[in-house]
């Protein structure tokens, strides 16, 4: 069990990740960010879902827009207007303490003990290390879902090149990857390999997960011909519990911040010298590019069936 700060733009697959985290990790706090929904709605969702699953971690309000880009639309087509499938009454308000301050203060108070788990845009993380660069060597690890490196054809899900979380704030992601933070990346290369069906969700006997996933499953069936979903964000938690089920490489990462490949994640693939090296000074990060999909799914089902 690790001490984690859970940073989320909470939508349907984020909720599955939070349910897993609540059963396996010590959640110090939930920090919210724009992405699947506006940040105020993310606060409401985090409070509501935490109550429904019996998680008592405090909730904090984070960044409401990207560092440099104009804000883009929320992912209502997939996650519903409220981010949780439009099936729950939500009595909670949008006000909360400052997420970036909470990240900074907590890492300082618990040096080398806090794992940051980020499953939305990386804006809160970038803001924290920009405001307080002294916390960078104090963070135990940043485990994040985001990016796509093209393994087995797994490229972008927003553009042909770019994954949603990175595309929403590529400047924040590039700052994080270019920093000295130790990062483990769970990209689409592995998340698209771990699929669960609607029948498997219903068999979990976790009514709230079945409820909020109905619209997501209908969207998937209409668009992909598959009544199911990729586990996406949940793989960050399964990395913490079962790292041996993933195949990793070590390489520095950068993010494209302009042009038709905006939001694309790129890692260095060759040690050969080049005249200009955009990775110069960047630390090698841990990239999960392979996964034992059936074993990871079995671990997920076991956690939620406890």
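The values are calculated or read from the model by the stated rules, or taken from the named source; none is laboratory data. What you see is a predicted model, and the numbers here were worked out from it, not measured in a lab. Virtual Cβ from ideal backbone geometry, glycine too; neighbours counted across all protein chains shown.
For segment 215-226, a residue qualifies if it is surrounded by fewer than 17 Cβ atoms within 10 Å (Cβ to Cβ) and out of contact with any helix residue (DSSP H, G or I) (no Cβ under 7 Å at 6 or more places or on another chain), and the qualifying residues are 218, 221, 222, 223, 224, 225.
Results for (1) modelled with pLDDT under 95; (2) over 20 Å from the mean Cα position of the chain (by Cα); (3) over 28 Å from residue 170 (Cβ atoms), shown as yes or no for each residue.
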{"residue": "212", "(1), (2), (3)": "no, no, yes"}
{"residue": "259", "(1), (2), (3)": "no, yes, no"}
{"residue": "265", "(1), (2), (3)": "no, no, no"}
{"residue": "288", "(1), (2), (3)": "no, no, no"}
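A quick yes/no check of all residues on (1) part of a helix (DSSP H, G or I); (2) at pLDDT 95 or above; (3) within 24 Å of residue 219 (Cα to Cα):
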position: 6; (1), (2), (3): no, yes, no
position: 18; (1), (2), (3): yes, yes, yes
position: 46; (1), (2), (3): yes, yes, yes
position: 64; (1), (2), (3): no, yes, no
position: 68; (1), (2), (3): no, yes, no
position: 73; (1), (2), (3): no, no, yes
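Here residue 268 clears all of (1) free of Cβ contacts under 8 Å to residues at least 24 places away in the same chain; (2) farther than 24 Å from residue 8 by Cα; (3) out of contact with any strand residue (DSSP E or B) (no Cβ under 8 Å at 6 or more places or on another chain) except the condition numbered (3).
Based on what the data block shows, is residue 30 within 15 Å of residue 168 (Cα to Cα) and either crowded, with 24+ Cβ neighbours inside 10 Å or free of Cβ contacts under 8 Å to residues at least 12 places away in the same chain (or both)? So residue 30 does not fit the description; no. Entry remark, segment 290-306: residues being at pLDDT 95 or above and over 24 Å from residue 150 (Cβ atoms) number 6 in total. From the list 236, 241, the lone residue that is within 21 Å of the chain's Cα centre (by Cα) and closer than 19 Å to residue 148 by Cβ is 236.
Do we find that residue 106 is within 20 Å of the chain's Cα centre (by Cα), in a helix (DSSP H, G or I) and loosely packed, with under 15 Cβ neighbours inside 10 Å in this structure? No.
Can you tell me which residues in segment 115-145 are in contact (Cβ under 8 Å) with a residue 60 or more places away in the chain, touching a strand residue (DSSP E or B) at 6+ places or on another chain (Cβ under 7 Å) and surrounded by fewer than 24 Cβ atoms within 10 Å (Cβ to Cβ)? 115, 140 - these are the residues of segment 115-145 that are in contact (Cβ under 8 Å) with a residue 60 or more places away in the chain, touching a strand residue (DSSP E or B) at 6+ places or on another chain (Cβ under 7 Å) and surrounded by fewer than 24 Cβ atoms within 10 Å (Cβ to Cβ). Take the residues in segment 265-283 that are part of a loop (DSSP other than H, G, I, E, B) and in contact with a helix residue (DSSP H, G or I) (Cβ under 8 Å, 6 or more places away or on another chain); name whichever of them is surrounded by the most Cβ atoms within 10 Å (Cβ to Cβ). So the residue we want is 282.
Look through segment 181-203, keep the residues that are over 26 Å from residue 244 (Cβ atoms) and in contact with a helix residue (DSSP H, G or I) (Cβ under 6 Å, 6 or more places away or on another chain), and return whichever of them is surrounded by the most Cβ atoms within 10 Å (Cβ to Cβ). Filtering first and then ranking leaves 198.
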